[in-house]
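The values are calculated or read from the model by the stated rules, or taken from the named source; none is laboratory data. Since we're looking at a predicted model, the values are computed, not measured. Cβ placement follows ideal geometry from the backbone for every residue including glycine, while neighbour counts extend to all protein chains displayed. The area values use the complete protein model at the heavy-atom level, side chains included, leaving out ligands, DNA and RNA. Shrake-Rupley method; radii C 1.70, N 1.55, O 1.52, S 1.80 Å.
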Amino acid sequence: MTATVTKPQYEIKDIALAPQGKQRIEWAGREMPVLRQIQERFAQEKPFAGIRLIACCHVTTETAHLAIALKNGGADAILIASNPLSTQDDVAASLVADYGIPVFAIKGEDNDTYHRHVNIALDHHPNIIIDDGSDVTATLVAQRQDQISEIIGTTEETTTGIVRLQAMFNDGVLSFPAMNVNDADTKHFFDNRYGTGQSTLDGIIRATNILLAGKTLVVAGYGWCGKGVALRGRGMGANVIVTEIDPTRAIEAVMDGFRVMPMIEAASLGDVFVTVTGNKHVIRPEHFAVMKDGAIVCNSGHFDIEIDLKSLGAQANEVKEVRNFTQQYSLPSGKSIIVLGEGRLVNLAAAEGHPSAVMDMSFANQALACEYLVKNKGSLAPGLHSIPTEVDREIARLKLNAMNIQIDSLTPEQIEYLNSWNAGT
Ligand code: ADE
């Protein structure tokens, strides 16, 4: 006799949290008019009928709207967390109880559980993967080769994931198309800059309740996320220092009015440090050694590797939770360093991630990227693909309409001028 193995339907913290989650999901929906329009069209047209889809995203109120749009579009969809600390447990509960979407995500899950959930998701035999950081795609490529023939394509949300996908392609192991959602204009200009800018400060403030005015804020990395954190930090009255390894970005930061210097110099000046580089060990022992007593360090880049917390932990006499998501590392020198959100994305660990109004555009890109993969099944080359410009612009147009903002359009004379070369000086 063969034993029947029943697959788990979901794995969440507590289904009783669903009513609160539903209320919060509905609230977020007010700020997501673009995704709502897409969802309404999907409900009519069912572009994902017969498609198995897994989404590995931060399980938030905003992601809930993406998952609902995909399900309403006919997808057999399940959702897992893209980070052990970013899940909103009430949202996970409501998605299961109110919307019938299986979710495998618990805030605070350990790394083993996280990877088990990735494998449960792959057991769903997806045709489409929505990834945020590329953990599912990397697992598929490394460990589940037999499933690759079932894949139509993946979509990737974040810079770190795009870098990993490009590395997979360079290694010759990415044999299907991957839509580069991160680099759509309506994604990174808004989500990475204004989303990360606001939500990172939100996370720092919720975790610590500090006053930013008058503090020295060190921002490591001046990509779109770093630009947002520096801009909003200055707006709150902080003295902002930027550290960079890219000379062009460093000049940009200087001309945007920020002090720029190596981390080893900034380390002794900063009160609060935020890493947003996508690289590892940007803050390490030599930096901790010269920091002020009580310096606060946190990360808003995708992975928890930007701050060398293993070294800090090895040095510390004691690590103590002093507030939610706030740990004090006491060092033999008598100084202490404060670490937020265990070095994981502080905006999602200690706050609620980016506000719905920016995720509206990011997830409109995700939804339309999935539809594009299905419509072009079999005809896209392996490797990274940009979101088509017309899709990007349509999202911007829908967002402006929803904000009730009108813009000019070209006159026939201007169109002719832009298409001519003989009307010079
Ligand atoms: N990434 C950053 N903020 C997010 C949010 N609110 N929802 C999903 N993914 C996110």
- Note on the structure: Inside segment 69-93, the number of residues satisfying the requirement of being part of a helix (DSSP H, G or I) and of a type in the set (G, A, S) is 3
- Just one of the numbered conditions (1) part of a loop (DSSP other than H, G, I, E, B); (2) open to solvent by less than 10 Å² (accessible area, probe 1.4 Å); (3) within 14 Å of the ligand (Cβ to nearest atom) is not true of E31; which one? (2)
- Inside segment 231-252, can you point out the residues that are touching a helix residue (DSSP H, G or I) at 6+ places or on another chain (Cβ under 7 Å) and assigned to a helix (DSSP H, G or I)? L231, R232, G233
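Being in contact (Cβ under 8 Å) with a residue 40 or more places away in the chain, under 30 Å from E45 (Cα atoms), assigned to a helix (DSSP H, G or I) and away from the ligand (no atom under 16 Å from the Cβ) narrows it down to one residue among E371, E342, E394, E390; which is it? Break it down stepwise before answering.
Working: E342 fails: under 30 Å from E45 (Cα atoms); E394 fails: in contact (Cβ under 8 Å) with a residue 40 or more places away in the chain; E390 fails: in contact (Cβ under 8 Å) with a residue 40 or more places away in the chain.
That would be E371, the only listed residue that is in contact (Cβ under 8 Å) with a residue 40 or more places away in the chain, under 30 Å from E45 (Cα atoms), assigned to a helix (DSSP H, G or I) and away from the ligand (no atom under 16 Å from the Cβ).
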- Please work out which residue is nearest to I204 (Cα to Cα), limiting yourself to segment 305-319 and to residues that are open to solvent by 60 Å² or more (accessible area, probe 1.4 Å) and under 26 Å from the mean Cα position of the chain (by Cα). I305
- Query: Does V103 fit the bill of being more than 22 Å from E156 (Cβ to Cβ) and either under 17 Å from the mean Cα position of the chain (by Cα) or β-branched (V, I, T) (or both)?
  - Reply: no
- Item | Filtered residues of segment 156-206 (kept if within 21 Å of G353 (Cα to Cα) and aliphatic (A, V, I, L, M)) | I162, V181, A184, L201, I204, I205
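Suppose we filter G50, G74 for residues that are loosely packed, with under 15 Cβ neighbours inside 10 Å and within 24 Å of L373 (Cβ to Cβ); which single one remains? Give the derivation first.
Values: G74 fails: loosely packed, with under 15 Cβ neighbours inside 10 Å.
So the residue among G50, G74 that is loosely packed, with under 15 Cβ neighbours inside 10 Å and within 24 Å of L373 (Cβ to Cβ) is G50.
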- Item | Test: G383 is of a type outside the set (A, V, I, L, M, F, W, C) and either over 28 Å from R24 (Cα atoms) or within 16 Å of the ligand (Cβ to nearest atom) (or both) | yes
- Task: Return the residue satisfying two criteria in turn: it lies in segment 143-188 and is within 16 Å of the ligand (Cβ to nearest atom) and out of contact with any helix residue (DSSP H, G or I) (no Cβ under 6 Å at 6 or more places or on another chain), and of such residues it is nearest to F48 (Cα to Cα).
- Result: E157
- away from the ligand (no atom under 15 Å from the Cβ), open to solvent by 20 Å² or more (accessible area, probe 1.4 Å) and not β-branched (V, I, T): does that describe D89? no
- Item | Which numbered condition C298 misses (of (1) open to solvent by 10 Å² or more (accessible area, probe 1.4 Å); (2) not in a helix (DSSP H, G or I); (3) not hydroxyl-bearing (S, T, Y)) | (1)
- Note on the structure: Of the listed residues (I106, I51, I78), the one being of a type in the set (V, I, T), touching a Gly at 6+ places or on another chain (Cβ under 9 Å), more than 15 Å from the ligand (Cβ to nearest atom) and closer than 22 Å to L122 by Cα is I51
- Note on the structure: Log entry, pairs with first residue in segment 260-279 being surrounded by fewer than 19 Cβ atoms within 10 Å (Cβ to Cβ), second being in a loop (DSSP other than H, G, I, E, B), beta carbons closer than 6 Å, six or more apart or on different chains, reads D271/K215
- Just a yes or no: is a residue in segment 121-142 away from the ligand (no atom under 16 Å from the Cβ), among the hydrophobic types (A, V, I, L, M, F, W, C), open to solvent by 50 Å² or more (accessible area, probe 1.4 Å) and farther than 14 Å from Y10 by Cα? yes
